[in-house]
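The values are calculated or read from the model by the stated rules, or taken from the named source; none is laboratory data. Just so you know, these numbers come straight off a predicted model, no measurement behind them. With ideal geometry, Cβ positions are generated from the backbone for all residues, glycine too; neighbour counts draw on all protein chains shown. To get the accessible areas, we keep the full protein, side chains included, count just its heavy atoms, and leave off ligands, DNA and RNA. Shrake-Rupley method; radii C 1.70, N 1.55, O 1.52, S 1.80 Å.
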Amino acid sequence: MTYETILTETRGKVGLITLNRPKALNALNSRVLAELVAAVTDFGSNADIGAMVVTGSEKAFAAGADIKEMQALSYADAYTQDFFVGWEDFTRTRKPIIAAVAGYALGGGCELAMMCDFIIAADNAKFGQPEITLGVMPGMGGSQRLTRFVGKSKAMDMCLTGRMMDAQEAERSGLVSRVVPASDLVEEAVKAAAKIAEFSLPSVMMTKEAVNRAYETTLGEGLRFERRLFHSLFAFEDQKEGMAAFAEKRKPNFTNR
Ligand code: CAA
């Protein structure tokens with residue numbers, strides 16, 4: 001697939017995807033969705049890639065779903081097409097994806113960042129769910145994911161007033177894992193992804209699966225799920241290698257077997 005709205009590159013074992021619709025502040029239209037899904041699927045099936053980073057520009061990660069594309073949509077169109085359902089494909093990838101967010105992450109932009117596994121924010125990042133100002137509401141998961149990240153009170157505040165949260169507030173609230181200077185954002189995110197990509201891929205994928213399960217199940221079920229995955233890692237050569245390397249005071253040589 002030839003990409004028109006994103007750029008992709010590999011940096012060592014990291015797949016880097018950059019949203020690239022600068023004139024529309026990276027607004028997410030159906031082309032961006034198709035290209036993002038294709039890129040993560042491609043990196044997901046590439047054995048040389050261990051983790052991914054999705055980023056935008058210094059001014060905007062993404063200023064939302066494309067309002068101009070949605071403007072004329074009828075209820076019949078929205079319902080029959082199950083508008084936005086395609087974003088579920090983005091969340092299916094089993095390798096970790098870090099969102100590296102600078103500038104605006106609004107509406108669908110904030111929701112895309114939350115679909116990633118964690119968010120590293122630049123000090124100029126601004127997060128918001130301003131759909132209420134357009135006469136609608138979040139439609140790509142904002143009312144659900146934001147509530148799980150920051151709790152009911154702040155999620156209600158964000159979704160009902162449409163106000164933006166700066167990077168410091170986002171870190172305080174648990175929406176982002178860390179804040180870095182805007183000039184270092186991509187480098188820091190790639191460094192974090194490269195660290196993850198050094199580890200044994202099965203343990204990385206199972207860790208992602210287990211943490212995500214915490215959002216969907218009870219504590220008891222989640223603990224049982226975690227233990228089963230933990231036990232299953234003893235079937236991999238990488239468990240023997242990782243523990244032998246520790247005992248022998250050397251770096252492990254993981255083979256993903
Ligand atoms: N969709 C389509 N185009 C957008 C866009 C969006 N979400 N956000 C910005 N643009 C376009 C603008 O229309 C403008 O294009 P033109 O030059 O052709 O007029 C260009 O990007 C630059 O934008 P501005 O001139 O507005 O830039 P600014 O610096 O003055 O303001 C901003 C920046 C505050 C982010 C402002 O652009 C803005 O408020 N954007 C809309 C934010 C928004 O409401 N997002 C939610 C969208 S709905 C949604 O996402 C639903 C959902 O749940 C998935």
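So the values come out like this:
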quantity: Within the accessible area of the stretch 30-125 (1.4 Å probe), percent carbon and sulfur; calculated: 52 percent
quantity: Share, in percent, of DSSP beta bridges within the chain that are antiparallel, nearest 5; calculated: 30 percent
quantity: List Lys251, Lys13, Lys126, ordered by accessible area with a 1.4 Å probe, largest first; calculated: Lys251, Lys13, Lys126
quantity: Leading residue at positive end of dipole, the stretch 1-63 (Cβ point charges), from Leu25, Val40, Gly12; calculated: Leu25
quantity: Dipole moment magnitude, nearest 20 debye, the stretch 83-145 about Cα centre, only Lys, Arg, Asp, Glu C-beta charged; calculated: 140 debye
quantity: Net charge of Cβ neighbours under 11 Å - reference Ala65; Lys, Arg +1; Asp, Glu -1; calculated: -3
quantity: Candidate residues Thr5, Thr147: accessible-area rank, largest first, probe 1.4 Å; calculated: Thr147, Thr5
quantity: √(5λ) per eigenvalue of the Cα gyration tensor, the chain, largest first, Å; calculated: 32, 20, 19
quantity: Sites Thr161 and Glu88, calculated FRET efficiency, Cβ-Cβ separation with R0 30 Å, nearest 0.05; calculated: 0.60
quantity: Probe 1.4 Å, protein heavy atoms only - accessible area per residue of the chain in square angstrom; calculated: 54 Å²
quantity: Gaussian network model of the chain, springs between alpha carbon atoms under 10 Å - residue of Gly139, Gly222, Gly15 with greatest fluctuation; calculated: Gly222
quantity: Most mobile listed residue (Leu16, Leu229, Leu134) in the chain, GNM with C-alpha springs under 10 Å; calculated: Leu134
quantity: Cleavage-rule hits (GluC sites (Glu not before Pro)) in the stretch 1-42: DSSP loop, at most 16 neighbouring Cβ within 10 angstrom; calculated: Glu4
quantity: Distance between modelled label sites at Arg178 and Gln81, nm, 7 Å Cα→Cβ extension; calculated: 4.0 nm
quantity: Accessible-area value, Lys240, 1.4 Å probe, nucleic acids and ligands omitted, Å²; calculated: 120 Å²
quantity: For the stretch 157-211: rounded, prolate or oblate by the Cα gyration tensor [a/c cutoff 1.5]; calculated: oblate
quantity: Cβ-Cβ FRET estimate between Lys191 and Val136, R0 fixed at 35 Å, reported to 0.05; calculated: 0.40
quantity: Overall dimensions of the stretch 18-156 by Cα: Rg and Dmax, Å; calculated: 14.6, 45
quantity: Principal axis dimensions, largest first and in whole angstrom, of the stretch 58-131 by Cα; calculated: 41, 28, 15
quantity: Point-charge dipole on Cβ atoms (K/R +1, D/E -1) for the stretch 150-237, about Cα centre, debye to 20; calculated: 320 debye
quantity: Net charge dipole size for the stretch 115-167 [Lys, Arg +1 and Asp, Glu -1 on Cβ; Debye, nearest 20]; calculated: 180 debye
quantity: Ellipticity estimate at 222 nm from DSSP helix runs (n ≥ 4, -39,500 (n - 2.57)) divided over the chain, nearest 500; calculated: -13000 deg cm²/dmol
quantity: Relative frequency of Cα-Cα separations exceeding 21 Å in the stretch 144-241, percent; calculated: 56 percent
quantity: Max mean-square fluctuation residue, GNM over the chain, Cα-Cα springs under 10 Å, options Ser45, Ser203, Ser153; calculated: Ser153
quantity: Sites Lys152 and Phe234 - FRET efficiency at Förster radius 41 Å, r taken between beta-carbons, to 0.05; calculated: 0.55
quantity: Mean Cα-pair separation over length for the stretch 100-152, i.e. relative contact order, pairs under 8 Å, 6 or more apart, %; calculated: 41 percent
quantity: Local electrostatic count, Ala100, Cβ distance below 15 Å [Lys/Arg +1, Asp/Glu -1]; calculated: -2
